[in-house]
Each structure stands twice: as structure tokens, then as C-alpha cells.
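The values are calculated or read from the model by the stated rules, or taken from the named source; none is laboratory data. The shown structure was predicted, so the numbers you read here are calculated from the model rather than taken from an experiment. Cβ: placed from backbone, ideal geometry, glycine included. Neighbour counts: every protein chain shown.
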């Protein structure tokens with residue numbers, strides 16, 4: 001499916017429908033959204049909710065949210081827009097709970113790293129004229145560690161914010177306008193937006209995001225087994241080691257749901273890499289090794 005880049009930059013005076021935003025999950029991405037909205041000129045109320053009280057309090061002290069809600073359902077009930085910034089299974093659970101609560105003058109969106117299941121649930125639960133709108137989203141931005149304390153207003157500058165809106169949505173006029181306004185705020189936060197089919201999204205991110213993570217995890221775990229206690233490691237390990245293992249610091253809690261909901265695509269990438277590594281191993285002393293380096297250099301030049 002063809003991709004369409006959108007770069008709306010609406011004047012602040014036209015962004016008037018969203019006056020109250022709730023962020024469910026004030027970790028790295030949720031806190032960063034709150035900070036980025038403020039920096040972009042959003043003057044409305046931003047209410048946060050977090051499963052961990054400590055994470056919520058950190059976001060509040062940082063100014064990422066104006067107030068904390070004790071209950072995610074109540075936080076969403078009173079918001080024009082609710083953004084779910086939680087792991088994928090938690091996102092799906094919140095979507096089920098919010099469906100009977102939200103109305104056609106409201107919009108729900110998310111930042112989940114896999115989109116097929118979330119997009120399908122959004123079409124089943126929302127996106128009818130009598131229901132709230134659901135706009136599935138995924139900012140291609142983050143850090144290897146999470147938490148509100150790492151929130152950054154600049155996190156989305158220059159990043160691509162993917163939307164996997166499914167065809168066939170029958171939204172109310174109010175929710176259509178809210179969807180367009182949220183897209184405009186995403187642009188004001190510094191991101192480019194890209195519309196993509198959900199299945200194509202999951203296939204692509206398996207290659208460009210999930211595979212690098214699992215390679216770094218496997219490499220870091222292998223090094224820990226083989227040389228983790230070597231006293232010379234800090235002296236011998238240089239930039240290559242730091243760059244290749246940086247993602248190895250990512251916590252399991254961030255990746256469990258991604259692995260579950262995109263397992264088939266990730267399995268295909270890992271199998272392809274296994275074959276490529278075997279090819280390299282078998283050709284360490286042959287001219288075929290040169291062609292692998294040349295192919296890799298072509299990718300890096302593009």
C-alpha cells in the first residue's frame with residue numbers, strides 16, 4: 001500500500017476544539033507528549049493517570065501534566081482527547097473499558113508499537129457515528145529505557161508519527177474535526193505524520209525496530225555469558241560495543257507485548273538473519289564476504 005506523508009501546520013488560532021487531554025500512562029512517551037504539547041503552545045488542561053503512583057507524581061512535578069486522576073475511566077470521560085501510552089495488552093484492555101464510556105464528541109488514540117490488533121479493536125469498538133473516534137498511532141521515537149523522569153519535549157522533533165487508520169470509519173462530524181486537530185498538534189510537536197496500513201506497519205517495524213532490539217538483546221546476553229566478568233572488558237570494549245549493545249538495556253516489560261502481538265513477523269526476520277549469519281560464517285575466507293560488505297555499504301549510503 002502506498003504511503004502518504006502529511007505535514008500539516010495549522011495556526012494556533014484554529015486549534016480550538018481540544019481543550020482537555022487525558023494521558024493514560026505517564027511513562028517516557030506519555031510524559032514526553034505532555035511536555036511537547038506545552039512547548040507547542042497547547043493551553044488546555046492535561047490530566048494524567050499512571051498505574052504507578054510514583055510515575056504519575058514524577059510527570060506532575062515535571063509539568064508534563066497539570067493534575068493526576070485516580071481512575072483512568074473518569075480521566076477519559078471528561079476529556080476531549082484521551083491518549084493511551086501503555087503496553088499493548090494494557091492498551092487493548094483500556095479500549096474495551098472505555099468503549100461504553102466515550103461518545104461521538106471525543107477521540108481516543110494510542111502510541112502502541114504494534115498496530116494490527118489495536119487497529120482491529122478500534123474498528124470493532126469505535127469509529128461509528130454514535131461512538132467516539134479511535135485513531136491508532138505510533139511515534140517512531142523513544143529511548144532504550146522508560147519512565148517519566150526521561151520525558152523529553154524534544155523527543156518527537158524530526159521523528160515520524162505513524163497512523164494506521166483503517167478504511168471504513170464512520171465518524172461523527174465532531175470526531176472527524178478532533179482527528180484532524182490531533183494530527184495538527186502532532187505536527188506542532190515536531191513530527192512528520194505517515195499513514196500506513198496496519199499489517200504493513202507491523203511487517204516494516206519488525207525489520208527496522210523489533211529485529212534490531214532482539215539482535216541487541218541476544219548479543220548483550222551472549223556477551224554477559226562469555227565475557228561479562230572479564231576485568232579487561234571496559235578497556236577493550238569501544239564504540240562498536242556500546243552502539244551494538246545500547247538496546248540491550250531495554251527492559252522486558254517494554255517488549256513482552258510486542259513479541260506476543262507481532263510474533264510471526266519477528267520470527268521471519270530472525271530466521272532471515274540466522275540464514276545471513278550462517279552465510280557469513282561459511283564465507284569468512286571467500287570472496288563472498290566482500291559482496292556482503294558491499295551490500296551493507298549500499299544500504300548505509302541510501
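The table for this structure:
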read-out: Residue satisfying all of: in region 74-90; farther than 10 Å from residue 23 by Cα and touching a helix residue (DSSP H, G or I) at 6+ places or on another chain (Cβ under 6 Å); surrounded by the fewest Cβ atoms within 10 Å (Cβ to Cβ) among these; value: 89
read-out: Number of the condition not met by residue 100 [criteria: (1) without any contact (Cβ under 8 Å) to a residue 40 or more places away in the chain; (2) part of a helix (DSSP H, G or I)]; value: (2)
read-out: Any hit, region 140-156, residues being part of a helix (DSSP H, G or I), out of contact with any helix residue (DSSP H, G or I) (no Cβ under 9 Å at 6 or more places or on another chain) and closer than 26 Å to residue 96 by Cβ; value: no
read-out: Residue count, region 260-280 (criterion: free of Cβ contacts under 8 Å to residues at least 40 places away in the same chain and either surrounded by 15 or more Cβ atoms within 10 Å (Cβ to Cβ) or under 18 Å from residue 222 (Cβ atoms) (or both)); value: 5
read-out: Residue 108 being part of a loop (DSSP other than H, G, I, E, B) and either at pLDDT 95 or above or in contact with a helix residue (DSSP H, G or I) (Cβ under 8 Å, 6 or more places away or on another chain) (or both); value: no
read-out: Residue list for region 1-43, filter: assigned to a loop (DSSP other than H, G, I, E, B), modelled with pLDDT of 80 or more and under 27 Å from residue 94 (Cβ atoms); value: 17, 18, 19, 25, 26, 27, 42, 43
read-out: Condition met for residue 46 (assigned to a helix (DSSP H, G or I) and at pLDDT 95 or above); value: no
read-out: Check on residue 126, more than 24 Å from residue 214 (Cα to Cα), touching a helix residue (DSSP H, G or I) at 6+ places or on another chain (Cβ under 6 Å) and outside the structural domain of residue 249 (by TED's automatic domain parsing); value: no
read-out: Identity of the residue in region 158-175, within 14 Å of the chain's Cα centre (by Cα) and assigned to a loop (DSSP other than H, G, I, E, B), that ends up farthest from residue 91 (Cα to Cα); value: 159
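Rundown of residues vs (1) surrounded by 18 or more Cβ atoms within 10 Å (Cβ to Cβ); (2) more than 19 Å from residue 274 (Cβ to Cβ); (3) modelled with pLDDT under 95; (4) within 18 Å of the chain's Cα centre (by Cα), yes/no style:
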site	(1), (2), (3), (4)
210	yes, no, no, yes
217	no, no, no, no
228	no, yes, yes, no
232	no, yes, yes, no
240	no, yes, yes, no
252	no, yes, yes, yes
257	yes, yes, no, yes
